[in-house]
Amino acid sequence: MAYRSMLLLALLFVVTTSLAHGSLIINGTTIAQVVIPGRAFCSINGNPVNSNTPGLAGVNVQLVCNGATTLTQVLTDTQGFFRIVLNTLDGILFDPSTCVIRIRLPIANCSVLAPTSGNLQSVITVAGVVQSVLGAVANFTTGLFGLVPN
């Protein structure tokens, strides 16, 4: 009986340690890095209208989890592209099911977007896992942005 209790306690410690250090496991593979590329557009809802829709340049893009925790933020380039990179082995707790890409409104250089105090938000989904020198890298995609009030 004491052996079972010690084994159970040891298993509980291993699981807790794994979760406390932010291990992200996808299909049995421990992920070392998360990459989320995307593009924000100057349109009524932040999505491309056609192939000529301009990107939103110099806009702050956040990775927000659990509704409020900003894990990281980046600026879009001159064409509206962004690339978020997280090293999950650094202890960052990352659960993709609770995370969104968020752009706060208003945006000064886009007159098409309504001057509101809401956010543009997009869900993220796993696109694939590849091996690199750093370990397994999970690539995510963003969905369409939607307007979400504060």
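Rule-based calculations on the coordinates, nothing more; no lab input. None of these values were measured; they are calculated from a predicted model. Cβ placement follows ideal geometry from the backbone for every residue including glycine, while neighbour counts extend to all protein chains displayed.
At R0 = 22 Å, how high is the FRET efficiency between V130 and S97 if r is their beta carbon distance? Nearest 0.05 is fine. Efficiency, rounded to the nearest 0.05: 0.55. Once the Cα-Cα distance is subtracted from the 0.36 nm per residue extended length, the F81 to S117 segment shows a gain of 10.7 nm. A full extension of the chain between V49 and T30 corresponds to an added length of 3.1 nm, given 0.36 nm per residue minus the alpha carbon distance.
Modelled this way, with points 7 Å down the Cα-to-C-beta line, the labels at D90 and T141 are 2.7 nm from one another.
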